[in-house]
Amino acid sequence: NDSGDIIASVYNYDRSNMLMFMIVMFLFFLCVIGGIQGIASAVGLIFTFACIFGLYIPLMYIGWSPFVAATLTAILVTVVVMFFIGGWTYKTLCSVLGTVAGVLVSGGVAAIFGKLSYISGFNVTEIETLTFIAESSQLKVSEVLFSGILIASLGAVMDVSMSVASTIAEIHETNPHFDAKRLFQSGINVGKDMMGTMSNTLILAFAGSSVNTLIIVYAYNKSYLEYMNDYAIGIELLQGISGSLGVILTVPLVSAVAAFFMTRKHK
């Protein structure tokens, strides 16, 4: 001010150093324990965040359909990350095709059932802020929810897709005389165990992120109809089930693609 005194206000704790330390520690252990594969995973992870903040969000902000922006981001992330993990091989190609199909199924199911159950992007808790942002940008608020579901399911679908494709590739290398039908069945058998664990992972992830809402709903002792027709509950169920369905359907999709390409490669 005019008297030369400095006036300042403290609005929060400075957590930047601790958060950066956590990130560096995570990347350090990932690279040390994972070796070359861990380094590739770290590079892929950094690239994923770069795509989300440098492509996905800016595209939505300038008026692109959030669903289209999420699809393009998912394809780009899948191709690059799978390349870092598996190189340019038939296994990588099968994983990419299976992942893209799986996330599109997840996002499509969420959009369809969201429309049928009258759940839209305008039912989220941050709608006031998003609407305010949309006034000064070209953000399509109604589609943001479903594009987020597509992005959220990407990691689990990539995991399942690569695991099934790797298994089929290994079986084919060991038993090159197996036909496409036999390889497809092997992929299904492996994927059955992964369906349950990955679906559980997605459901628990969404439940954990909305535990505050669940506590509030439980505390008010709502009836069954009130509980099931609560927007927050509907959104969580929509996210968890559509993501899990994407994982489940990825298993037969990537099994079919991998069985087809592996047998053609052998011929």
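The values are calculated or read from the model by the stated rules, or taken from the named source; none is laboratory data. No experiment lies behind these values; they were computed from the predicted model shown. FYI the Cβ positions are ideal-geometry reconstructions off the backbone, even for glycines, and counts take in every protein chain you see. With ligands, DNA and RNA removed, areas are computed over all heavy atoms of the protein, side chains included. Shrake-Rupley method; radii C 1.70, N 1.55, O 1.52, S 1.80 Å.
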Does the range 86-94 contain at least one residue that is modelled with pLDDT under 90, buried (at least 17 other Cβ atoms within 10 Å of the Cβ), among the hydrophobic types (A, V, I, L, M, F, W, C) and closer than 19 Å to Ser161 by Cβ?
yes
The range 100-129, residues that are closer than 20 Å to Thr73 by Cβ and without any contact (Cβ under 8 Å) to a residue 24 or more places away in the chain:
Gly108
Under 7 Å by Cβ, and 6 or more places apart or on different chains, what pairs join a residue from the range 209-225 that is farther than 22 Å from Gly148 by Cβ and without any contact (Cβ under 8 Å) to a residue 40 or more places away in the chain with one that is open to solvent by less than 70 Å² (accessible area, probe 1.4 Å) and not in a helix (DSSP H, G or I)?
none
Suppose the filter is among the hydrophobic types (A, V, I, L, M, F, W, C) and open to solvent by less than 30 Å² (accessible area, probe 1.4 Å); does Phe146 pass it?
yes
